Amino acid sequence: MAAIGSLVFCTDCGDLLESSTGNKETILVCACCGKENRDTASTTITTESKPSSFPSRLRQERSSIQTIQQEDREKDAKIAVSCPECEEKEVRYTSAQLRGADEGSTIFYTCPNCNNKWNTNN
């Protein structure tokens, strides 16, 4: 009879035997060929693993905090449009497709001087 972990197999036909008890005096009878086999499996098998054993990109990103610097915010494109509040001549803008694909995009403007925000639909 062969044992792999807690699984015990018949020595004659190789069929998987009933659940092991871990007691070496126990006789397990093969349901396929009827051969009597001694239970040679160990009583308990314990496996342990640490989260670091299975690194995950998602786990790493979930635990980190994203920090945005002021210079990162100022990477928006600039355009020569006057701010309606303070008359600043150049403002930052971004665009997003918020409506249907056959309609224009929405442009979001931000004034770097007074931080006024507005948008237009193209």
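The values are calculated or read from the model by the stated rules, or taken from the named source; none is laboratory data. Remember, it's a predicted structure, so these values are computed and weren't measured experimentally. We place every Cβ from the backbone using ideal geometry, glycine too, and count neighbours over all the protein chains shown.
Quick notes on this structure:
One line per residue, one yes/no per condition, for (1) in contact with a helix residue (DSSP H, G or I) (Cβ under 9 Å, 6 or more places away or on another chain); (2) surrounded by fewer than 10 Cβ atoms within 10 Å (Cβ to Cβ); (3) among the β-branched types (Val, Ile, Thr); (4) modelled with pLDDT of 75 or more:
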position: THR43; (1), (2), (3), (4): no, no, yes, no
position: THR67; (1), (2), (3), (4): no, yes, yes, no
position: ASP76; (1), (2), (3), (4): no, no, no, no
position: CYS86; (1), (2), (3), (4): no, no, no, yes
position: GLU90; (1), (2), (3), (4): no, no, no, yes
position: GLN97; (1), (2), (3), (4): no, no, no, yes
position: ASN113; (1), (2), (3), (4): no, no, no, yes
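- For first residues located in region 1-29 and under 12 Å from ASP39 (Cβ atoms) and in a strand (DSSP E or B), partners that are of a type in the set (Asp, Glu) and at pLDDT 80 or above and lie 6+ apart or on another chain with Cβ distances below 6 Å form the pairs ILE27/GLU36; VAL29/GLU36.
- Scanning region 20-41 for residues that are modelled with pLDDT of 80 or more and either touching a helix residue (DSSP H, G or I) at 6+ places or on another chain (Cβ under 7 Å) or surrounded by 10 or more Cβ atoms within 10 Å (Cβ to Cβ) (or both) yields a total of 11.
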